[in-house]
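A.B. asks: Have a look at this one before I ask anything.
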Amino acid sequence: MLALVEIAGQQFEVSEKAQLNVPHLKANVGEVVEFGNILLKNSDGNIEIGNPYLQGSVKATVLEHGKNKTVLVFHKKRRKGHRKLNGFRHQYTKIEITSIN
């Protein structure tokens, strides 16, 4: 079974026992998180499309929290001698899909 789920404003294609990096969720490691915004469901060639969402839920277990690689932001104003370099790291949550209902 395959599903297209909306998690934290982004769409992810999920299947059971798949591991995903999603935007940071406010959940502790080991907790079970439930997502109810299912946009599309495909089970053995039978495709259901929501308008906008389908009934059901996707349950996942939080495995870990972390930070991605550094993204550098460089600002420059020509002929002024102004240069500025900033960097930041997006936080993510690694989850494992346990069930699709």
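A.B. asks: Which whole number in µm²/s is D for the chain by Stokes-Einstein, with the Kirkwood Rh taken over Cα pairs at 4 °C and 1.567 mPa s?
C.D. replies: 83 µm²/s
A.B. asks: Which lysines, if any, have their Cα less than 23 Å from the Cα of residue 17, not counting same-chain residues under 8 positions apart?
C.D. replies: 26, 41, 59, 67, 94
A.B. asks: Considering only DSSP states other than H, G, I, E and B, which trypsin sites (Lys or Arg not before Pro) in segment 1-82 qualify as loop sites with at most 15 other Cβ atoms within 10 Å?
C.D. replies: Here the trypsin sites (Lys or Arg not before Pro) that fit, given the DSSP loop and packing criteria, are 17, 26, 69, 78, 79, 80.
A.B. asks: Which of 62, 71, 5 has the fewest other C-beta atoms within 10 Å, and how do the rest follow up to the most?
C.D. replies: 71, 62, 5
A.B. asks: In addition: List 82, 90 from most exposed to least, where exposure is judged by having the fewest other Cβ atoms within 10 Å.
C.D. replies: Neighbour counts put them in this order, fewest first: 82, 90.
Each reported figure results from applying straightforward, stated rules to the coordinates on display, with no laboratory input. Bear in mind that the values here come from a model prediction, so they are computed numbers and not experimental data. Heads up, the Cβs are rebuilt from the backbone with ideal geometry, glycines too, and the neighbour counts pull from every protein chain shown.
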